[in-house]
Protein chains: 2
Amino acid sequence: MSDLPKRVRIREVGPREGFQFEKGAISLADKVSLVDALSDTGVGTIEFTSFVSPKWVPQMADAEQVVAGIRRAPGVAYEAIWLNEAGLERAARLRDVLALRPMFSVAASDTFMRKNTNCSVEERLAELPGWAERYRALGMDWLDVGVMAAFGCNYEGDVEPRRVVTVLQQVEQRASACGARLGGIGLADTMGWANPREVKRLVGAVRERWPEARLKLHLHDTRALAIANAVAALELGVDCFDSAVAGMGGCPFAAHKGAAGNVTTEDLVFLCQELGIATGIDLDRMIAAGQLAERVVGHPLPGKLKSGGNLATYRATSRAART
Amino acid sequence: MSDLPKRVRIREVGPREGFQFEKGAISLADKVSLVDALSDTGVGTIEFTSFVSPKWVPQMADAEQVVAGIRRAPGVAYEAIWLNEAGLERAARLRDVLALRPMFSVAASDTFMRKNTNCSVEERLAELPGWAERYRALGMDWLDVGVMAAFGCNYEGDVEPRRVVTVLQQVEQRASACGARLGGIGLADTMGWANPREVKRLVGAVRERWPEARLKLHLHDTRALAIANAVAALELGVDCFDSAVAGMGGCPFAAHKGAAGNVTTEDLVFLCQELGIATGIDLDRMIAAGQLAERVVGHPLPGKLKSGGNLATYRATSRAART
């Protein structure tokens, strides 16, 4: 377990990924209550809504109301996402409340890019200067780059690490041409193609080219390997992960092929606890938030700790029994 | 991914673990249909019933009928378990059909041993000569030892590797005193306490003392780490695992604390496929068996591949699309 980091930073993305996925309407009060419960766990970042067109994603039409409704805990960054200029403008109007991040996302698969965002990779790259300019106007002179489908794509098959490196190099060139820096690099296993060996290959390849960049992994558990993939990344010292409370963001029991959620936050926190890695998160509170998430969506969610329970509790009980 | 084995042997234990767990009655026909579906997957061993008292485990009262009902596929070992002499006698009467194994199980936790089998570890060890004699009468002069709670126990807390080694040494001494050999060694994470680091520690400690013994891991997914634990074992060359189709054997959505099933067979087979490790199992057929298991029990089961789908299918489609 060679290069385990001492501490990892977990970005909670369950509300943002999960609420948009649910077929049934989730009330504003329920959304707010889940974000509030997450605020009490010690997690540092909560990505909780999207500023997207209510025509396409009606579940997120109440984004502004959710922002207005949540209780803001000290030390927590409240983040949201946007996909176009109108979305960024909505978010920017709330910047006294929201933590804005200069996101720029691109896929390592042209077909996925077209299916997901209706533009090619080249067209997305052509939009980069506009994004860099908008972010600079908001005081941010770098780009946090997210690479979707970084391990494989249901349309194009396996994605080789050199393809991801090439896309990142293109981003870096375009960014530096307009005076923006490359900030963090997020590698997303959007469709559940990663395995521990490929995680090590891709992290290794990206690290070799950008040794100083902060890497973040975004791992979906579509094919049961998310936690094992997180272990592989931890063993290379990766110290930032997206995760979703209770595993929100997909329903493995429905016919949504490949639609499983992100790695479950409380399960990932438990893994870190057992490996002696600090997260700053109170596992019992995160388990309670996972149980709340399940009540809010009204159907079983895949996370395990919310039924398995925290070993720390059993350790305390067994210690007490011995003394 | 240092010492990955080229091939692993998977023992399917879903029917044995799963049927006894279900609250609702499962019909004989459904039990037979699931075992028959598993027989067509290429799996080498199917542990599918228990010869236990129908008073305590009514779900297994039809053990003989299931044995009579299944279609026996060539090359598949059909195994069952027993907990006492009466059970072994019932199994031995069917030995032209069943593959008998000289099982001897003991816990690394005295409290768990008492709660689970109503005898202490010392009392269980005292029964060893009787078992060795019964097995010898059936032509088997060795013992396959299973250590329950090998990583931790809800009553006693963490279990140190040296405790497991001590228990195994005691078994070996008693066995050799009555002329029996130590055969395979099974390490069971009965209550979901293992993590990748502890898997490496325990496998290392047992290997150091018994370098030639065939190790088998039995990993429950109570706390989401079963696949990551399997990866850790594979990295040390462990090449035998119990697993349960669809993750049968527990219901993480009910209030059964710590009751999650064994690592899911089709998810483990998928992991092996992605790491280039042969299992001899047709993943698509195992996925279909997992879907059947879910229909048979009548509620969602935790395995992921049955909804996520085999990447081999996507690879073939994307290759075809390119040509």
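The values are calculated or read from the model by the stated rules, or taken from the named source; none is laboratory data. Please read all numbers here as calculations on a predicted model, not as lab measurements. Neighbour counts run over all protein chains shown; Cβ positions are idealised from the backbone, glycine included.
State which residue is nearest to the other protein chains (Cβ to nearest Cβ) when the search covers only the stretch B:229-246 and only residues that are in contact with a helix residue (DSSP H, G or I) (Cβ under 7 Å, 6 or more places away or on another chain) and farther than 30 Å from residue B:33 by Cβ.
So, considering only residues that are in contact with a helix residue (DSSP H, G or I) (Cβ under 7 Å, 6 or more places away or on another chain) and farther than 30 Å from residue B:33 by Cβ, the one nearest to the other protein chains (Cβ to nearest Cβ) is B:231.
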Condition met for residue B:30 (at pLDDT 95 or above, of a type in the set (Asp, Glu) and surrounded by fewer than 24 Cβ atoms within 10 Å (Cβ to Cβ)): yes
Filter result for residue B:157 (of a type outside the set (A, V, I, L, M, F, W, C) and touching a residue at least 24 places away in the same chain (Cβ under 8 Å)): no
Residue check, residue A:279 within 11 Å of chain B (Cβ to nearest Cβ), crowded, with 19+ Cβ neighbours inside 10 Å and of a type outside the set (A, V, I, L, M, F, W, C): no
Qualifying position, being surrounded by fewer than 17 Cβ atoms within 10 Å (Cβ to Cβ), in the same structural domain as residue A:81 (by TED's automatic domain parsing) and under 24 Å from residue A:92 (Cβ atoms), among A:44, A:24: A:44
Within the stretch A:60-83, tally of residues that are of a type outside the set (A, V, I, L, M, F, W, C) and in contact with a strand residue (DSSP E or B) (Cβ under 9 Å, 6 or more places away or on another chain): 5
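Quick one: would you say residue A:219 is buried (at least 20 other Cβ atoms within 10 Å of the Cβ), more than 19 Å from residue A:123 (Cβ to Cβ) and within 14 Å of another protein chain (Cβ to nearest Cβ)?
Taking the combined requirement at face value, the residue satisfies it.
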Residues of the stretch B:5-19 classified as crowded, with 19+ Cβ neighbours inside 10 Å and more than 23 Å from residue B:74 (Cα to Cα), total: 3
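The rows are residues; the columns are (1) more than 9 Å from chain A (Cβ to nearest Cβ); (2) assigned to a loop (DSSP other than H, G, I, E, B); (3) more than 19 Å from the chain's Cα centre (by Cα); (4) within 23 Å of residue B:186 (Cα to Cα).
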site	(1), (2), (3), (4)
B:267	no, no, no, yes
B:272	yes, no, no, yes
B:286	yes, no, no, no
B:290	yes, no, no, no
B:295	yes, no, yes, no
B:302	no, yes, no, no
B:306	no, no, yes, no
B:315	no, no, yes, no
B:319	no, no, yes, no
The listed residue being over 24 Å from residue B:247 (Cβ atoms), of a type in the set (A, V, I, L, M, F, W, C) and either in contact (Cβ under 8 Å) with a residue 40 or more places away in the chain or in contact with a Ser or Thr (Cβ under 7 Å, 6 or more places away or on another chain) (or both), out of B:28, B:88, B:38, B:94: B:88
Failed condition for residue A:98, given (1) closer than 30 Å to residue A:122 by Cβ; (2) of a type outside the set (Val, Ile, Thr); (3) buried (at least 18 other Cβ atoms within 10 Å of the Cβ): (1)
Restricting the stretch A:110-143 to residues that are in contact with a helix residue (DSSP H, G or I) (Cβ under 8 Å, 6 or more places away or on another chain) and among the hydroxyl-bearing types (Ser, Thr, Tyr), the residue that is surrounded by the most Cβ atoms within 10 Å (Cβ to Cβ): A:117
Residues of the stretch A:140-155 that turn out to be over 13 Å from residue A:179 (Cα atoms) and modelled with pLDDT of 95 or more, as a count: 9
Residue selected from the stretch B:166-177 under the condition crowded, with 18+ Cβ neighbours inside 10 Å and touching a helix residue (DSSP H, G or I) at 6+ places or on another chain (Cβ under 8 Å), by the criterion farthest from the other protein chains (Cβ to nearest Cβ): B:175
Options A:86, A:99; residue that is within 21 Å of the chain's Cα centre (by Cα) and under 29 Å from residue A:33 (Cβ atoms): A:99
Scan of the stretch A:118-134 for residues that are without any contact (Cβ under 8 Å) to a residue 40 or more places away in the chain and touching a strand residue (DSSP E or B) at 6+ places or on another chain (Cβ under 8 Å), ordered by number: A:124, A:131
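Residues to consider are B:39, B:27; find the one that is within 14 Å of residue B:292 (Cβ to Cβ) and over 20 Å from the mean Cα position of the chain (by Cα).
Among B:39, B:27, only B:27 is within 14 Å of residue B:292 (Cβ to Cβ) and over 20 Å from the mean Cα position of the chain (by Cα).
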Selection count where residues are under 21 Å from residue B:241 (Cβ atoms) and not in a strand (DSSP E or B), scope the stretch B:133-164: 6
Single condition residue B:226 does not satisfy, out of (1) small (Gly, Ala, Ser); (2) farther than 24 Å from residue A:221 by Cα; (3) within 12 Å of chain A (Cβ to nearest Cβ): (2)
